[in-house]
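A.B. asks: Take a look at this one; I'll ask things after.
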Amino acid sequence: MADRAALAPRSLDRGSPLPLWAQLRADLGRRLAAGAFDTAFPGELALVEEYGVSRHTVRSALHELRAEGLVVAERGRRPRLARDPITQPLGTLYSLFALVEAAGLRQTSVVRAIDLRADGVVADRLRLEVSTPLFHLERLRLVGDEPLALDSVWLPADLAAPLLAADFTHTALYDELAARAGIRLDGGREHIRALVPSRAEQRLLALPRSVGVLAIDRLGYAGGRPAEWRRTLIRGDRFSLTADFSSRTGYQLHLGSQYLGLRNVG
C-alpha cells in the first residue's frame, strides 16, 4: 500500500523561480506515479482549493499533463486519467472483441442496424453482382460505458443470413459466423489511415475535437472467396498498432497503395 505522505499534496513554493503551474504539474505527476488517483482524478475546483492556486494555474498544469498523455482534460468535463490504448500487433489474425476482452475490459455494442440489403459499391468490392443481397451489421462498440469504435460490416447473405438471429450486444461477429454458418475467415487485406471524423461520428464516439480516428477498411476472405467488407472508425486515443520486424524477414508494407499486405482479418 502506498505511503500516505507520497499520496498527499506538497506545498508549492511561491518564492521559487519555477512557475506555480510547473510545480503543480510536477507534484500531480508525482502523486499519479504513487497511485493517488487510481479511482478518480480531482476536478479543477478541488485542485484550486487543495493547492491554494488560481484556476488558471490549475488549467496550465492540466494542459501539460494532457499533452503528456497522462490525463484527459476536456472543456466542460471533469479531468480523468488517460487509459492505456488497446494495442494490435500487425501481421496477425485479430478480433477487436477479443482484443478488448483480453485487456481485461468488457466490450458491449449498441446495434444500430442489422438487416439484409443491397449495396452496389460493397457488392463490387466483394466481386458480386450489384443487386446481390448482403448481410449488414452496424455497431457502436463500447469499452465499459465509453465509445471505442463505430463498426459497419457487410457479408454475402448466402453465407451470413443466419447471423440475423444473433444478439450482438456482447459477442464477436467471427465467433457467431463460425458457430451459425460454419465459416472462418483465413486471409485478407486492410487499409488503415488517419481520418478527421464527421460531426455526427464525433458525437457518436464522444470525441474531443483534438482527437481523430483510425479508419480501418478490411476485405476478408474465406476459402479464397471475398467474404467480408468492413469499415471501422476507432478512436485514435484508445487504439495503437505495433509491428515486429527483422533484417531477414522484415514485414510487408505497401506504401504506394496505403494497404497493409498482412493477414489482419480475424
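Throughout, read-outs are computed from the coordinates displayed, never taken from laboratory work. Predicted, not measured: the structure shown is a model, and the values here were computed from it. Heads up, the Cβs are rebuilt from the backbone with ideal geometry, glycines too, and the neighbour counts pull from every protein chain shown.
A.B. asks: Enumerate the amide H contacts of residue 221 below 5 Å, restricted to partners 5 or more residues apart or on another chain; note that Pro and chain-start residues carry no placed amide H.
C.D. replies: Here the answer is 186, 187, 188, 227, since their amide H atoms fall under 5 Å of that of residue 221.
A.B. asks: Roughly speaking, what is the stretch gain from residue 169 to residue 106, that is 0.36 nm per residue apart minus the C-alpha to C-alpha distance, in nm to one decimal?
C.D. replies: Details: separation 63, 0.36 × 63 = 22.68 nm, distance 1.13 nm.
Contour length minus Cα-Cα distance gives 21.5 nm.
A.B. asks: Under 5 Å between amide H atoms, partner at least 5 residues away or on a different chain: which partners does residue 236 have, H built in plane at 1.01 Å?
C.D. replies: When sequence neighbours closer than 5 places are left aside, the close amide H contacts are 212, 213, 214.
A.B. asks: For residue 18 and residue 5, calculate 0.36 nm times their separation in residues minus their Cα-Cα distance, and state this gained length in nm to one decimal.
C.D. replies: Between residue 18 and residue 5, full extension yields 2.4 nm more.
A.B. asks: Moving on. Output wanted: per-residue J couplings in Hz (rounded whole) for the range 14-23, from phi through Karplus 6.51 cos²θ - 1.76 cosθ + 1.60, θ = phi - 60°, x for Gly and Pro.
C.D. replies: 3J(HN,Hα) across the range 14-23, in whole Hz: 6, x, 7, x, 6, x, 4, 5, 5, 5.
A.B. asks: Using mean Cβ contacts within 10 Å as the protection proxy, how do 109-119, 210-220 order, highest first?
C.D. replies: 210-220, 109-119
A.B. asks: Here is a follow-up. Note down the nm distance, to one decimal, between modelled labels 7 Å out along Cα→Cβ at residue 209 and at residue 116.
C.D. replies: 4.6 nm
A.B. asks: Could you rank the peptides 22-35, 224-237 by their average count of other C-beta atoms within 10 Å per residue, with the highest value first?
C.D. replies: 224-237, 22-35
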